[in-house]
Each structure stands twice: as C-alpha cells, then as structure tokens.
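Inspection log for the structure reproduced underneath, given as structure tokens.
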Amino acid sequence: MCGYDLIKTIFQKYNIFMSQGAVYPLLYKLKDQGILQAEFDQGNMRSKIYSIKADSEEIVNDRLNEFIRAAEYTLDSIASSDDQKGP
C-alpha cells in the first residue's frame with residue numbers, strides 16, 4: 001500500500017494518527033535496508049506502493065516480535081512502578 005493508505009489504515013484499525021513525517025522516513029529507511037520494495041502505482045506516477053520483499057518476511061516478523069517484547073516490558077515496568085506507589 002502507499003504511505004497515505006498506511007496512515008489511514010493504522011488510524012482506522014488502532015485509532016492512532018501517525019503523521020506523514022513519521023511514516024515516510026520509516027518507509028524510506030526500510031526500503032534503503034532492502035526490506036521493502038517500492039513501485040509506482042499504475043497510472044499514478046506520484047504514488048508509490050510499498051510491499052515487503054519475499055526474502056524479508058522473517059526480518060519483519062523478528063522486528064515485530066522485538067517491538068512487542070519491548071512494549072510489554074515497558075508496560076510491565078510502568079505497572080510495577082504504579083503498584084509500588086500504592087493508593
């Protein structure tokens with residue numbers, strides 16, 4: 001999907017707004033790292049469609065799992081801190 005569609009989908013699915021300034025640099029970085037490929041949309045030379053390269057799916061899954069573990073650790077740390085403060 002294109003960057004705009006990605007922003008829209010994240011908002012619709014998770015009710016989180018991500019700015020173009022956050023999404024596009026990430027897409028460019030992942031493309032430069034060889035994880036994503038970008039192709040112009042047929043009939044629209046202004047819009048690029050980004051997709052995960054077939055040989056990069058394992059890398060993407062590993063990074064997602066790392067992110068999930070980091071988020072869980074952060075949330076657990078916050079919860080532990082709140083428990084120690086008491087009422």
Exercise. Just how many pairs of Lys in the chain have C-alpha atoms closer than 15 Å, counting pairs that are eight or more places apart or on different chains?
Worked result: 4
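Based on the alpha-carbon gyration tensor of the range 1-52 and its eigenvalue square roots a ≥ b ≥ c, which shape applies: rounded if a/c is under 1.5, prolate if not and a/b is larger than b/c, or oblate? Numbers along the way, then the final one.
Working: a/c = 2.04, a/b = 1.33, b/c = 1.54.
Cα axes put the range 1-52 in the oblate bin.
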Seminar exercise, completed: Log10 I(q)/I(0) at q = 0.23, 0.24, 0.26 Å⁻¹ for the chain, from Debye over equal alpha-carbon scatterers, is -1.23, -1.26, -1.31
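With a cut-off of 8 Å between alpha carbons and a minimum separation of six or more residues, what is the relative contact order of the chain in percent?
22
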Exercise. Could you give me the ³J(HN,Hα) list for the range 29-42, computed from phi with Karplus coefficients 6.51, -1.76, 1.60 and θ = phi - 60°, whole Hz, x at Gly and Pro?
Worked result: 5, 5, 5, 4, 7, x, 8, 10, 10, 10, 9, 5, 5, 4
Seminar exercise, completed: If the chain between residue 26 and residue 46 were fully extended at 0.36 nm per residue, the gain over the current Cα-Cα distance would be 5.4 nm
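Values quoted throughout were computed directly from the atomic coordinates according to the rules given, and no laboratory measurement underlies them. What you see is a predicted model, and the numbers here were worked out from it, not measured in a lab.
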